[in-house]
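Student: Let me begin by handing over the structure; questions about it come next.
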Amino acid sequence: MPSLKDLRNRIATVKATQKITKAMQMVAAAKLRRAQQAAEAARPYSERMAAVLANISGAMEGRDDAPALMTGNGKDAVHLLVVATAERGLCGGFNSSIARMAREHARAHTNEGKQVKILCVGKKGFDALKSEFGDKIIDTVSFREVKEIGFANADGVGRRIIELFEAGEFDVCTLFYSAFQSVITQIPTAQRLIPAQAEGDETDAEHEELFYEYEPDEEEILAELLPRNISVQVFKALLENAASEQGARMSAMDNATRNAGEMIDKLTLSYNRQRQAQITKELIEIISGAEAL
């Protein structure tokens with residue numbers, strides 16, 4: 001049984017930890033609002049670009065001169081998994097859920113006899129995958145020193161993906177991230193980047209039959225739009241991750257704060273009981289000694 005001094009020290013330690021988790025919860029709550037606004041603001045642009053890309057892709061369907069970024073290179077042997085996670089931990093299962101989905105895809109492709117390559121965007125993804133797939137990780141991009149993710153950061157990742165594709169390093173590219181839904185709900189998502197997974201906006205179903213005339217022609221538009229679309233989708237994923245990370249951290253730190261409070265109550269109860277028992281024992285010894293006289 002721990003002594004009274006040990007219990008006092010443990011209560012003090014838990015209280016100090018509770019102050020830290022409470023502070024982290026408040027910081028995450030403050031950052032969450034801005035990150036959520038940024039993620040929600042990026043969605044319409046990303047969806048509209050996907051709608052335009054889907055329309056142009058329909059016009060280019062079946063043509064031999066269709067860009068490789070849109071149709072792929074006709075192979076399915078080498079898969080590049082772009083795993084976007086956070087740079088820091090203490091955010092519940094946010095990082096592990098993304099890494100788990102990427103790990104499942106990597107195992108499935110490997111079992112099918114396909115080659116897997118991994119590009120980690122974020123330190124925690126690398127930490128989670130290096131033990132099993134360390135030899136398949138070709139590069140790691142870190143934004144640890146970046147206070148606020150901008151399009152330039154995502155564009156650098158997008159250009160890196162395109163460089164690898166043009167060099168023939170992979171055939172299919174899939175992006176893994178966590179879509180923000182609420183403070184307690186973040187959805188791990190796998191999105192194919194190459195060949196382009198162009199899906200139109202479902203809310204504009206009434207415009208599906210509209211015919212668009214493009215100036216300049218489709219080839220020139222796609223030459224500019226397809227590389228930019230990759231950067232836009234990466235940017236959207238990073239913004240979704242930023243909001244999901246703060247939401248997950250806020251929820252995790254709230255749970256940790258409440259658990260610390262419950263532990264403090266239990267330790268305080270044990271301390272009071274042991275202290276009372278010790279006082280009672282001392283009183284008994286004094287009374288017994290007085291009676292013996």
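The values are calculated or read from the model by the stated rules, or taken from the named source; none is laboratory data. Nothing here was measured: the structure is a model prediction, and the numbers come from that model. For neighbour counting, all protein chains shown are included, and Cβ atoms are generated from backbone atoms with ideal geometry for every residue, glycine included. Heavy atoms of the whole protein, side chains included, go into the accessibility calculation; ligands, DNA and RNA do not. Shrake-Rupley method; radii C 1.70, N 1.55, O 1.52, S 1.80 Å.
Student: Before rounding to the nearest 500, sum -39500 (n - 2.57) across all DSSP H runs of length at least 4 in the chain and divide by the residue total; then give [θ] at 222 nm in deg cm²/dmol. Provide the component values of the computation, followed by the final result.
Tutor: Details: 6 runs with 181 residues, N = 293.
Calculated at 222 nm, the ellipticity per residue is -22500 deg cm²/dmol.
Student: Let me check I've understood the local charge: for Ala38, count other residues with C-beta under 15 angstrom from its C-beta, Lys and Arg +1, Asp and Glu -1. What total comes out? All intermediate terms of the calculation are to be shown ahead of the outcome.
Tutor: Values: positive: Lys31, Arg33, Arg34, Arg43, Lys147, Lys236; negative: Glu40, Glu148, Glu240, Glu245.
It works out to a net charge of +2.
Student: Tell me, in nm to one decimal, what length is gained between Lys15 and Arg275 on full extension, where the rule is 0.36 nm per residue of separation less the Cα-Cα distance?
Tutor: Working it through step by step, the gained length comes to 91.6 nm.
Student: Something else: Please state, rounded to one decimal and in Å, the Kirkwood hydrodynamic radius that the chain gives when every pair of distinct Cα atoms enters the mean of 1/r.
Tutor: 22.4
Student: For helix 151-166, what angle does its Cα long axis make with the longest principal axis of the chain, in degrees from 0 to 90 and rounded to 10?
Tutor: Roughly 60 degrees between the two axes.
Student: Please compute the per residue accessible area over segment 76-120 with all protein chains in place, 1.4 Å probe, rounded to a whole number of Å².
Tutor: Numbers: 1820 Å² over 45 residues.
Using a 1.4 Å probe on heavy atoms only, each residue of segment 76-120 averages 40 Å².
Student: Using label points projected 7 Å from each Cα along Cα→Cβ, tell me how many nm separate Arg159 and Ala30, to one decimal.
Tutor: My value for the distance between the label points is 3.4 nm.
Student: Restricting to lysine pairs 8 or more places apart or on different chains, what number in segment 1-78 have Cα atoms under 23 Å apart?
Tutor: The result is 4.
Student: Compute the acute angle (0 to 90°) between the alpha-carbon long axis of helix 123-133 and the principal axis of greatest extent of the alpha-carbon atoms of the chain; round to the nearest 10°.
Tutor: Helix 123-133 sits at roughly 80 degrees to that axis.
Student: Angle, helix 94-111 long axis vs. longest principal axis of the chain, Cα atoms, 0 to 90°, nearest 10?
Tutor: It works out to around 50 degrees.
Student: Please state, to two decimals, what the Cα-based radius of gyration of segment 131-185 comes to when divided by 2.2 N^0.38 Å (N = residues).
Tutor: Working: Rg = 14.3 Å, N = 55, 2.2 N^0.38 = 10.1 Å.
Its radius of gyration relative to the 2.2 N^0.38 Å reference: 1.42.
Student: Please give me the summed charge of the neighbours of Ser131: other residues whose Cβ is under 15 Å from its Cβ, Lys and Arg +1, Asp and Glu -1.
Tutor: The answer is +4.
Student: At q = 0.11, 0.13, 0.24, 0.25 Å⁻¹, work out log10 I(q)/I(0) for segment 7-90 with the Debye formula, treating every Cα as an identical point scatterer and leaving solvent out; two decimals please.
Tutor: Log-scaled intensity ratios, in q order: -0.65, -0.76, -1.18, -1.20.
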